[in-house]
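**Q** Handing you this structure, nothing more for now.
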2 protein chains.
Amino acid sequence: MAIQPRNTKQKEAIRSVFTEAGRPLSHDEALTLSQEIVDGLSIATIYRNINVLVEEKWLSPVEIPGDTTRYEIAGKEHHHHFQCNTCGKLFDLQGCGIEWKAKLPKGFRTTGHEFFVYGLCSTCS
Amino acid sequence: MAIQPRNTKQKEAIRSVFTEAGRPLSHDEALTLSQEIVDGLSIATIYRNINVLVEEKWLSPVEIPGDTTRYEIAGKEHHHHFQCNTCGKLFDLQGCGIEWKAKLPKGFRTTGHEFFVYGLCSTCS
DNA sequence: ATCGTTGCAAACTCTTTGCAGGATT
DNA sequence: AATCCTGCAAAGAGTTTGCAACGAT
């Protein structure tokens, strides 16, 4: 028989911080925000719940260069991200908005692309 | 007094694998290739020498999403990279070749961008 | 009462560092 | 001979896992 998930305050807190953040969060960001709701919530619980939420396709991992993976609510349409050089926070960019014409080496085939913009967010400007 | 660097066969082997690879290498790739030249060369020596070569600006780190940092010989002009979905190897793309027009949120400033193409290399096609 | 979930601590992986022996100058 | 560098093993950081206690059903 399939497991019967239970609603714990920790789980609920974790889902709510992603819903309210409006941007992708790291494990540490999710921990800090969740602990404001449930005191003593542990980092292991963050890792476990994020992994479950990714398997359930409620969250999607956002892998970025040179920094830990962020997670965002799944199901958004194709888009890219902006990272602030100062605070490190990740933000969504609207739409894809990219055209590229790089020459591939012979015999290479393309399946997708990723794009990141760097700069200063409005708070750090 | 500044330290007087010495030429060891390990250092020479590490520099040669980057010179001959023609693409950015991970620590593990550099280890495997270097051990074909100097038997028993240790992973600590790889880490130490890569760090030194980066400080000397002979190598540049190439940070990529969701995978360990690669290193390439420094001084190339602005370019981006292709990663093979199957073997994970990273390859250079010629020129930048990107135009983008994503809308930034209000008050955000841009300082740079990164771009990655994914697909299959000629060996894995 | 059952059994899914949590917090803690131990285990793992990746990277860095201390140290004694070995190699280069 | 002096001292830089290497290999080994231990130490750190980030992530996962085992386990006993807790808590939702």
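Nothing in this text is a laboratory measurement; each read-out follows from the coordinates by a stated rule. A quick note: this is a predicted structure, and the numbers were derived from the prediction, not measured. Note that each Cβ is placed from the backbone with ideal geometry, even for glycine, and that neighbours are counted across all protein chains shown.
**Q** For A:S34, A:S125, B:S60, what ranking results if the residue with the fewest other Cβ atoms within 10 Å of its Cβ goes first?
**A** A:S125, B:S60, A:S34
**Q** Continuing with this model, one more query. So if I place +1 on the C-beta of Lys and Arg and -1 on the C-beta of Asp and Glu, and nothing else carries charge, what would the dipole magnitude of chain B be about its Cα centre? I want it in debye, nearest 20.
**A** Using only the charged Cβ atoms, the result is roughly 440 debye.
**Q** How shielded is B:83-89 by partner chains, expressed as the average number of their Cβ atoms within 10 Å of its Cβ atoms?
**A** The mean count of partner-chain Cβ atoms within 10 Å per residue comes to 1.
**Q** Also, I was wondering about something else. Within 10 Å of each Cβ of A:90-99, how many other protein chain Cβ atoms are there on average?
**A** Per-residue shielding by partner chains comes out at 4.
**Q** OK, next. What residues qualify as long-range amide H neighbours of B:A74, i.e. H under 5 Å apart, gap of 5 or more or another chain, H built at 1.01 Å from N?
**A** B:L59, B:S60
**Q** Which of the listed residues, A:L31, A:V17, A:P105, is farthest toward the dipole's positive end in chain A, when Lys, Arg count +1 and Asp, Glu count -1 at the beta-carbon?
**A** Selected residue: A:P105.
**Q** Under a 5 Å amide H to amide H cut-off, with H placed in plane at 1.01 Å, what residues pair with B:G97 once short-range neighbours are removed?
**A** Close amide H contacts, sequence-distant or interchain: none at all.
**Q** Further question on the same structure: Do you know the Lys pair count in chain B for C-alpha distances under 24 Å, with sequence separation 8 or more or different chains?
**A** Summing the qualifying lysine pairs gives 7.
**Q** Ignore the peptide's own chain and count Cβ atoms of other chains within 10 Å of each Cβ in A:61-72; give me the average, rounded.
**A** Mean number of neighbouring Cβ atoms from other chains: 3.
**Q** Related question: Quick one: dipole size for segment A:79-119, taken about the Cα centre, charges +1 on Lys/Arg Cβ and -1 on Asp/Glu Cβ, in debye to the nearest 20. If you can, show how the numbers build up before the last one.
**A** Numbers: 5 positive and 3 negative charges, 59 e Å.
Dipole of segment A:79-119, to the nearest 20 debye: 280 debye.
**Q** Sticking with this one: Work out the length of the dipole vector of segment B:9-73 about its Cα centre, built from +1 on the beta-carbon of each Lys and Arg and -1 on the beta-carbon of each Asp and Glu, and round it to the nearest 20 debye.
**A** 180 debye
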